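Heads up: the structure comes next, in structure tokens.
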Amino acid sequence: MRILGLDVGSKTVGVAVSDELGWTAQGLETIPINEETGEFGLERLDKLMKEYGVTKVVVGLPKNMNGTIGPRGEASQAFASKIEKRFGVPVVLWDERLTTMAAERVLLEADVSRKKRKKVIDKMAAHFILQSYLDSQK
């Protein structure tokens, strides 16, 4: 049983997957999307879910620091709904506050260039989201 973790942005979706025991998360890739044209990368997600035998999806829910949900949070909720309807798997919305900042900090400490950080930040944020969820289940 593997779990997919997603960091949904306006232009990309970062993807991470758990190991079969649900202990560790590994960043997989970043899928380009276009909210305006309705392209959400669902075909690529379908392939990844089949390849890894995914039985659950964790979608990062960006809340404001006061706990309220803004426009990006609403977009993540809509994305989660699309996944649930299309793939018929349970979807968990997981508080992702500060995950992108944590990923950015790790990349800065590793002295990764700005150009390279931009390519992997969403994948790393998905890793942080999924790992946080997995840790909470132990």
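Before moving on, here are some points about what is shown:
- Probe 1.4 Å - accessible area at R44, Å² to nearest ten: 90
- In the complete set of protein chains, residue-level accessible area for F40 is approximately 40 Å², probe 1.4 angstrom.
- Every helix of 4 or more DSSP H residues in the chain counts as -39500 (n - 2.57), and over all residues that averages to -15000 deg cm²/dmol at 222 nm.
- All-pairs alpha carbon distance profile, the chain, 5 Å steps from 0, percent: 2, 11, 21, 25, 21, 13, 6, 1, 0
- GNM flexibility winner over the chain from L61, L42, L108 (Cα, springs under 10 Å): L108
- Candidates A75, A125, A25, ranked by Gaussian network fluctuation over the chain, Cα under 10 Å, top entry: A75
- For the set Y52, Y133, solvent exposure ranked by accessible area (probe 1.4 Å, protein chains only) runs largest to smallest as Y52, Y133.
- Highest-MSF residue in the chain out of G27, G53, G67 [GNM, Cα springs under 10 Å]: G67
The values are calculated or read from the model by the stated rules, or taken from the named source; none is laboratory data. Since the model is a prediction, treat every value here as computed from it, not as a measurement. Protein only, heavy atoms only, side chains kept; ligands, DNA and RNA dropped before computing areas. Shrake-Rupley method; radii C 1.70, N 1.55, O 1.52, S 1.80 Å.
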